[in-house]
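Asker: Input: one structure, supplied below.
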Amino acid sequence: MLRTTLLAAVLAVAFTGSAFANSCPRHMKAIDEALAKNPQLTSQQMAEVKKLRADGESLHKAGKHAESEAALMKAEGMLGIK
C-alpha cells in the first residue's frame, strides 16, 4: 500500500512538472507577441514586464516551472493577456 501511494505521488509530480514545462514557452511567446505590438505601458511597467519575462525564461531553463509560470503569468497580467 505504501509503495503504491509513493508511486502515485511520484507520477503526479512528474506529470505536473512536464505540464508546467510545456506551458512556459507558450507564455513566453504570448508575452513576446504582446511586446512586439508596443503596448501602452510606462517605462517602469515595461521594465518590470521584461524582467518578469527574463526571470520566467531563466527559471524555466533551471527546471523551476511553477515559479517560471508564476512570473510569466504576472507579466501577462500586466500586458492584459488573458
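The values are calculated or read from the model by the stated rules, or taken from the named source; none is laboratory data. Keep in mind that this is a model prediction, so the values were computed, not measured. For neighbour counting, all protein chains shown are included, and Cβ atoms are generated from backbone atoms with ideal geometry for every residue, glycine included.
Asker: Answer yes or no: is there a residue in segment 32-43 that is touching a residue at least 24 places away in the same chain (Cβ under 8 Å) and among the β-branched types (Val, Ile, Thr).
Answerer: Scanning segment 32-43, I find no residue that is touching a residue at least 24 places away in the same chain (Cβ under 8 Å) and among the β-branched types (Val, Ile, Thr), so the answer is no.
Asker: If you don't mind, another one. Where residues in segment 22-68 are more than 13 Å from the chain's Cα centre (by Cα) and of a type in the set (A, V, I, L, M), which of them is farthest from Met78 (Cα to Cα)?
Answerer: My answer is Ala36.
Asker: Only one of (1) modelled with pLDDT under 95; (2) in a helix (DSSP H, G or I); (3) surrounded by fewer than 16 Cβ atoms within 10 Å (Cβ to Cβ) is not met by Ala47, so which one is it?
Answerer: Among (1) modelled with pLDDT under 95; (2) in a helix (DSSP H, G or I); (3) surrounded by fewer than 16 Cβ atoms within 10 Å (Cβ to Cβ), Ala47 violates only (1).
Asker: Can you pull out the residues in segment 61-82 that are assigned to a helix (DSSP H, G or I), among the hydrophobic types (A, V, I, L, M, F, W, C) and under 11 Å from Ile31 (Cβ atoms)?
Answerer: The answer is Ala71, Leu72, Met73, Ala75, Met78, Leu79.
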